[in-house]
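Visitor: First the structure, which I've put down as structure tokens, then a few questions once you've had a look.
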């Protein structure tokens, strides 16, 4: 396949005429070929017009047709072959096994949504049959289904060039819901984006769908990004990135004449709670496991464990000694972009320069200017609670250990935390009582609670929640990973006394689609 | 029961110390006894603190306990007896049969949510069992449920002193979800509010629940209303009222350090499409039925049919003649408040003063200064599309007929409409083809589509949608009526590798609650 530096607007490919962007080879910091022309307001307009024109047709495709399309997208991504991996390696600095794994995840995600579309439970069909004899007033026939919101603007993420980008979870779930998608490709990996974009474009064509089902633009956040979110034909936004970026989109979306939902997955420090009995029995092992999670992918995960809470004592010293040793064996790693590396270094130096924070350990020294070094810091619970800056995410392999005088203080620190994607409890049987006190505190501010694991590694499945209260996401009522992500792009419509000939298949008598439906509130397949 | 002019904060009743409000007897315009002292910021703080303190306990009550509480609320409201009806009649000017019916609706709504809580489908339990042998990485055990968002601020509505107020749909659905509720009572019916509030307060006590599960404050929108929405312990808002009021709350909620969802049901003109064959066969009957819906409850319904679209011709003349005759028999009716009457009169005089609008007919002349007269206007499609002010809601029994040269123009007008709660199609078999073109246009901008009915009358059931895209509501992904309203106050939480002893009952092995759950995506009762 070609990387031509072109945007994809419906069935066409064209070179943007706005200021071009170039990928930077992550390992060397050198600009790569080709240049990718940026999109203009006219390109945004054209992509949105096509998406809007495609919407009514696309949203009424049969589950089978839509599932086949998602599977065709998956196959087309695989068919790109190794060029996708090598380009993504160059643009992101991520190693081959990670990107091969991420491709598998991306393809698996599209296939999971295909399966979910076929399953149809997400349609949430409900029927309240008419009660013509009811007194004092008869009840009309009422039927409800969920329908898609409309075209969705998807923003590619820097840290997952495949799984959270052009053909990633937001795109897959929006397409599954029946929403056309306009992607703003992330400027850090335009070549990878073009390859995946062309794969999806070819799937749209081979499946005979309206061209506007998918478009992909390059360009600046101001022109293309804000332009998409402000466009009246865009009805929802999917975003993975920084808190500043996400909240800017939230503001734009809320200020529209018609405000729209923004699903921005933004920032999280993913606290890890080390309970006393667990520490007594395996502090060293926890320290080692923790560092493995901390340094994975140069720490460039939204679920990176950026905060550790433990009770003072010899067990904590053991944990820190073990973590220090493990970090000593952790090589510096190429980071995704110069901007991310620089923000990471700034974050680390703020911690290092804070006189209430002590640096505990470092990873190995960088051997290139594009690499980030892992770092572990500590402070006391009192200092942490006193200084909100210490709870800010440092995106990369840095973490802060909070020394607590007792478990009650751990609970107090937990109560003071902002919304998070995850929280982790390391515990043993003997910690149950304390964990029971901690659990409701975490449920109120976290999307996923793990026991005796580490937060990195987000399964793509039905029961996954990759979400959480603000500011971990813009909308804590949702998940951006797993089959429930489809629900973000749906809304209910009720049909009252509608003749059979006009009713959507999902709601017709005799259940022609074989859906789970609630009839008078009772779930069944009738 | 006593109407003491007191607010209810947890288990206590107290007189507010801020500027008092008084009910105005709707029929006479005279102030009523007693005075209701307004709440202060300290009262808001106390109510929110109690709600927050109650949240963890209340949200983990068993379905049976929570359902029994909702049923106790229903019974306690019935137990108030006729005093509730007479007070509501005086405060709202609504007639006895309407208020008795509304009480039935309110009680039925609480009971429907009790049934829904017991059913448990809303918990949306999902389990993806561990796959320890999976290569290259094992899958952890993942379990998801929906949990309540937290304390909810509910704003009583002027036009439904019972069904959309203190013990109305927002309160019922929030309590059903497991959220404590703090109500800001509507100043138009404080006595009715206090009676219902005391009923709920007594149910909290008799069910042995934490007192903070329910509080109710009087006072100004600025101090109490905005204060509640800005309070960090409030996690969602339910509101029924004006577009100005709703959007003000949306702004406050979006500007919080932690933005929260606002479910504001705001404004809708509920277009009615009169299709040619239906008009050919029964224009006169449609005119009469339409006026019945238009004048019901002095037109003070969010679903009032404020816009009628029809094709020019003799059938339309027949419709208008019939509507004119019916309106001539429609007495002027007492309106809810002096403010609503005055806004209605302003809206009507704007229409009357617009030189592109013609007054077609009026209801009977008012016999008291507190009454509103029904009014029917007409204009052309071209004028309507040219003047956005003509699409603004006039809350009351006024409607505007749009003369369209053809059905295609009706479609074009429909495409230009803002989000609506409802749309209605009057049609016959021969209109099917045209209706098929209209349907997708309506689906995109409406929450409920009716055929051959009238939009007033909103069934409380499982398949109802009382919602719609902005500005009909603040959040078109939801309904404020029917059992799905519970979903507004829930968010998903995932538990990874959590020991059985810590798992919530809904997610335990063996399905002790007997819930519908998705195991590896497959719905069943295992």
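Visitor: Quick check: anything in region B:384-392 surrounded by 14 or more Cβ atoms within 10 Å (Cβ to Cβ) and without any contact (Cβ under 8 Å) to a residue 12 or more places away in the chain?
Guide: No; the residues of region B:384-392 include none that is surrounded by 14 or more Cβ atoms within 10 Å (Cβ to Cβ) and without any contact (Cβ under 8 Å) to a residue 12 or more places away in the chain.
Visitor: Moving to a separate point now. Tell me yes or no: at least one residue of region A:319-329 is in a loop (DSSP other than H, G, I, E, B) and in the same structural domain as residue A:409 (by TED's automatic domain parsing).
Guide: First pass over region A:319-329, keeping only residues in a loop (DSSP other than H, G, I, E, B): A:329.
From what is left, the residues that are in the same structural domain as residue A:409 (by TED's automatic domain parsing) are A:329.
Among the residues of region A:319-329, at least one is in a loop (DSSP other than H, G, I, E, B) and in the same structural domain as residue A:409 (by TED's automatic domain parsing), which makes the answer yes.
Visitor: Of all residues in region A:223-248, which are within 14 Å of chain B (Cβ to nearest Cβ) and closer than 19 Å to residue B:445 by Cα? Talk me through it step by step, then tell me what you get.
Guide: Taking region A:223-248 and keeping what is within 14 Å of chain B (Cβ to nearest Cβ), we get A:232-237, A:243, A:246-248.
A:232, A:233, A:234, A:235, A:236, A:237, listed by residue number.
Visitor: Looking only at region A:412-433, count every residue that is in contact with a strand residue (DSSP E or B) (Cβ under 9 Å, 6 or more places away or on another chain) and within 14 Å of another protein chain (Cβ to nearest Cβ) and tell me the total. Give the steps one after another, and end with the answer.
Guide: As a first pass, look at region A:412-433 and keep what is in contact with a strand residue (DSSP E or B) (Cβ under 9 Å, 6 or more places away or on another chain): A:412-414, A:417, A:419-427, A:431.
Adding the requirement that they be within 14 Å of another protein chain (Cβ to nearest Cβ) leaves A:414, A:417, A:419-427, A:431.
Going through region A:412-433 one residue at a time, the tally reaches 12.
Visitor: Specify which of the listed residues (B:163, B:157) is in contact with a strand residue (DSSP E or B) (Cβ under 9 Å, 6 or more places away or on another chain), closer than 29 Å to residue B:22 by Cα and surrounded by 20 or more Cβ atoms within 10 Å (Cβ to Cβ). So that I can check it myself, show each step before the final result.
Guide: Values: B:163 fails: in contact with a strand residue (DSSP E or B) (Cβ under 9 Å, 6 or more places away or on another chain).
After ruling out the rest, the residue left standing is B:157.
Visitor: Hey, any hits in region A:135-146 for a residue that's closer than 25 Å to residue A:219 by Cα, in contact with a helix residue (DSSP H, G or I) (Cβ under 8 Å, 6 or more places away or on another chain) and in a strand (DSSP E or B)?
Guide: The initial filter retains those residues of region A:135-146 that are closer than 25 Å to residue A:219 by Cα, namely none.
No, because not a single residue in region A:135-146 is closer than 25 Å to residue A:219 by Cα, in contact with a helix residue (DSSP H, G or I) (Cβ under 8 Å, 6 or more places away or on another chain) and in a strand (DSSP E or B).
Visitor: With the structure loaded, tell me whether residue A:251 is surrounded by fewer than 24 Cβ atoms within 10 Å (Cβ to Cβ) and within 12 Å of chain B (Cβ to nearest Cβ) or whether it fails that test. If you could, list the steps in order and put the result at the bottom.
Guide: Numbers: surrounded by fewer than 24 Cβ atoms within 10 Å (Cβ to Cβ): yes; within 12 Å of chain B (Cβ to nearest Cβ): yes.
It is true that residue A:251 is surrounded by fewer than 24 Cβ atoms within 10 Å (Cβ to Cβ) and within 12 Å of chain B (Cβ to nearest Cβ).
Visitor: Among A:287, A:339, A:297, A:347, which is the only one that is closer than 24 Å to residue A:442 by Cα and outside any loop (DSSP other than H, G, I, E, B)? Walk me through how you get there before you give the answer.
Guide: Details: A:339 fails: closer than 24 Å to residue A:442 by Cα; A:297 fails: closer than 24 Å to residue A:442 by Cα; A:347 fails: closer than 24 Å to residue A:442 by Cα.
After applying the criteria, what remains is A:287.
Visitor: Going through A:466, A:462 one at a time, which residue ends up being under 26 Å from residue A:146 (Cβ atoms), facing chain B (nearest Cβ under 9 Å) and more than 13 Å from the chain's Cα centre (by Cα)?
Guide: Details: A:466 fails: more than 13 Å from the chain's Cα centre (by Cα).
Only one candidate qualifies: A:462.
Visitor: Something else about it: What residue, of B:471, B:499, B:512, is crowded, with 20+ Cβ neighbours inside 10 Å, farther than 20 Å from residue A:125 by Cα, modelled with pLDDT of 95 or more and touching a helix residue (DSSP H, G or I) at 6+ places or on another chain (Cβ under 9 Å)? Full working, then the answer.
Guide: Numbers: B:499 fails: crowded, with 20+ Cβ neighbours inside 10 Å; B:512 fails: crowded, with 20+ Cβ neighbours inside 10 Å.
Of B:471, B:499, B:512, the one residue that is crowded, with 20+ Cβ neighbours inside 10 Å, farther than 20 Å from residue A:125 by Cα, modelled with pLDDT of 95 or more and touching a helix residue (DSSP H, G or I) at 6+ places or on another chain (Cβ under 9 Å) is B:471.
Visitor: Restricting to region B:351-363, count the residues that are over 30 Å from the mean Cα position of the chain (by Cα) and part of a loop (DSSP other than H, G, I, E, B).
Guide: Selection size over region B:351-363: 4.
Visitor: To continue, here is another question. Which of (1) at pLDDT 95 or above; (2) surrounded by fewer than 18 Cβ atoms within 10 Å (Cβ to Cβ); (3) more than 21 Å from residue A:477 (Cβ to Cβ) is the odd one out, the single condition residue B:222 does not satisfy?
Guide: (1)
Visitor: Out of the residues in region B:499-520 meeting the condition of being without any contact (Cβ under 8 Å) to a residue 24 or more places away in the chain and facing chain A (nearest Cβ under 7 Å), tell me which one is nearest to residue A:451 (Cα to Cα).
Guide: If we take residues in region B:499-520 being without any contact (Cβ under 8 Å) to a residue 24 or more places away in the chain and facing chain A (nearest Cβ under 7 Å), then B:499 is nearest to residue A:451 (Cα to Cα).
Visitor: Which count do you get for residues in region A:393-412 that are free of Cβ contacts under 8 Å to residues at least 12 places away in the same chain and within 27 Å of the chain's Cα centre (by Cα)?
Guide: Of region A:393-412, the ones free of Cβ contacts under 8 Å to residues at least 12 places away in the same chain are A:408.
Restricting the remaining residues to those that are within 27 Å of the chain's Cα centre (by Cα) gives none.
Residues flagged as free of Cβ contacts under 8 Å to residues at least 12 places away in the same chain and within 27 Å of the chain's Cα centre (by Cα) within region A:393-412 amount to 0.
Visitor: Could you count how many residues in region B:179-211 are more than 26 Å from residue B:34 (Cα to Cα) and crowded, with 24+ Cβ neighbours inside 10 Å?
Guide: To start, the set of residues in region B:179-211 that are more than 26 Å from residue B:34 (Cα to Cα) comprises B:179-180, B:206-210.
If we keep only those that are crowded, with 24+ Cβ neighbours inside 10 Å too, we end up with B:179-180.
So the answer is 2.
Visitor: Is it the case that residue B:85 is touching a helix residue (DSSP H, G or I) at 6+ places or on another chain (Cβ under 6 Å), surrounded by fewer than 24 Cβ atoms within 10 Å (Cβ to Cβ) and modelled with pLDDT of 95 or more?
Guide: Values: touching a helix residue (DSSP H, G or I) at 6+ places or on another chain (Cβ under 6 Å): yes; surrounded by fewer than 24 Cβ atoms within 10 Å (Cβ to Cβ): yes; modelled with pLDDT of 95 or more: yes.
It is true that residue B:85 is touching a helix residue (DSSP H, G or I) at 6+ places or on another chain (Cβ under 6 Å), surrounded by fewer than 24 Cβ atoms within 10 Å (Cβ to Cβ) and modelled with pLDDT of 95 or more.
Visitor: Any residue at all in region A:218-232 that's under 23 Å from the mean Cα position of the chain (by Cα), farther than 19 Å from residue A:165 by Cα and outside any helix (DSSP H, G or I)?
Guide: Yes.
Visitor: Another question, if that's okay. Would it be correct to say that residue B:115 is on the phi < 0 side of the Ramachandran plot and part of a helix (DSSP H, G or I)?
Guide: Working: on the phi < 0 side of the Ramachandran plot: yes; part of a helix (DSSP H, G or I): yes.
Judged against the criteria, residue B:115 is a match.
Visitor: Just to be sure, is residue B:396 assigned to a loop (DSSP other than H, G, I, E, B), at positive phi and either surrounded by 22 or more Cβ atoms within 10 Å (Cβ to Cβ) or not assigned by TED's automatic domain parsing to the domain that holds residue B:160 (or both)? Walk me through how you get there before you give the answer.
Guide: Values: assigned to a loop (DSSP other than H, G, I, E, B): yes; at positive phi: yes; either surrounded by 22 or more Cβ atoms within 10 Å (Cβ to Cβ) or not assigned by TED's automatic domain parsing to the domain that holds residue B:160 (or both): yes.
Taking the combined requirement at face value, the residue satisfies it.
Visitor: Report whether or not residue A:14 is surrounded by fewer than 19 Cβ atoms within 10 Å (Cβ to Cβ), under 17 Å from residue A:183 (Cβ atoms) and more than 25 Å from the chain's Cα centre (by Cα). Quick ask: steps written out before the conclusion?
Guide: Numbers: surrounded by fewer than 19 Cβ atoms within 10 Å (Cβ to Cβ): yes; under 17 Å from residue A:183 (Cβ atoms): yes; more than 25 Å from the chain's Cα centre (by Cα): yes.
Answer is yes for this residue.
Visitor: Moving on to the next point. Just a yes or no: is a residue in region A:434-445 closer than 25 Å to residue A:241 by Cβ, within 8 Å of another protein chain (Cβ to nearest Cβ) and in contact with a strand residue (DSSP E or B) (Cβ under 8 Å, 6 or more places away or on another chain)?
Guide: No, region A:434-445 has no match at all.
Visitor: Let me ask something else. For the condition crowded, with 20+ Cβ neighbours inside 10 Å and within 18 Å of residue B:116 (Cβ to Cβ), what is the one hit in B:23, B:65, B:74, B:51?
Guide: Values: B:23 fails: within 18 Å of residue B:116 (Cβ to Cβ); B:65 fails: crowded, with 20+ Cβ neighbours inside 10 Å; B:51 fails: within 18 Å of residue B:116 (Cβ to Cβ).
Answer to the selection: B:74.
Visitor: Out of the residues in region A:125-140 that are surrounded by fewer than 20 Cβ atoms within 10 Å (Cβ to Cβ) and in contact (Cβ under 8 Å) with a residue 40 or more places away in the chain, which is nearest to residue A:488 (Cα to Cα)? Explain how you work it out, then say what you get.
Guide: Applying the first criterion (surrounded by fewer than 20 Cβ atoms within 10 Å (Cβ to Cβ)) to region A:125-140 yields A:129-139.
Subsequent filtering for residues that are in contact (Cβ under 8 Å) with a residue 40 or more places away in the chain retains A:129-130.
Values: A:129: 28, A:130: 31 Å.
Here the residue is A:129.
Visitor: Give the residues of region A:365-383 that are part of a loop (DSSP other than H, G, I, E, B) and either without any contact (Cβ under 8 Å) to a residue 60 or more places away in the chain or surrounded by fewer than 17 Cβ atoms within 10 Å (Cβ to Cβ) (or both), sorted by residue number. First the steps, then the outcome.
Guide: In the first step, residues of region A:365-383 are kept if they are part of a loop (DSSP other than H, G, I, E, B); the result is A:365-370, A:373-374.
Once the filter is applied, which keeps residues that are part of a loop (DSSP other than H, G, I, E, B) and either without any contact (Cβ under 8 Å) to a residue 60 or more places away in the chain or surrounded by fewer than 17 Cβ atoms within 10 Å (Cβ to Cβ) (or both), region A:365-383 yields A:365, A:366, A:367, A:368, A:369, A:373.
The values are calculated or read from the model by the stated rules, or taken from the named source; none is laboratory data. Given the structure is predicted, the values throughout are model-derived calculations rather than measurements. Quick reminder, even Gly has a Cβ in these numbers, built from the backbone with ideal geometry, and neighbours come from all protein chains shown.
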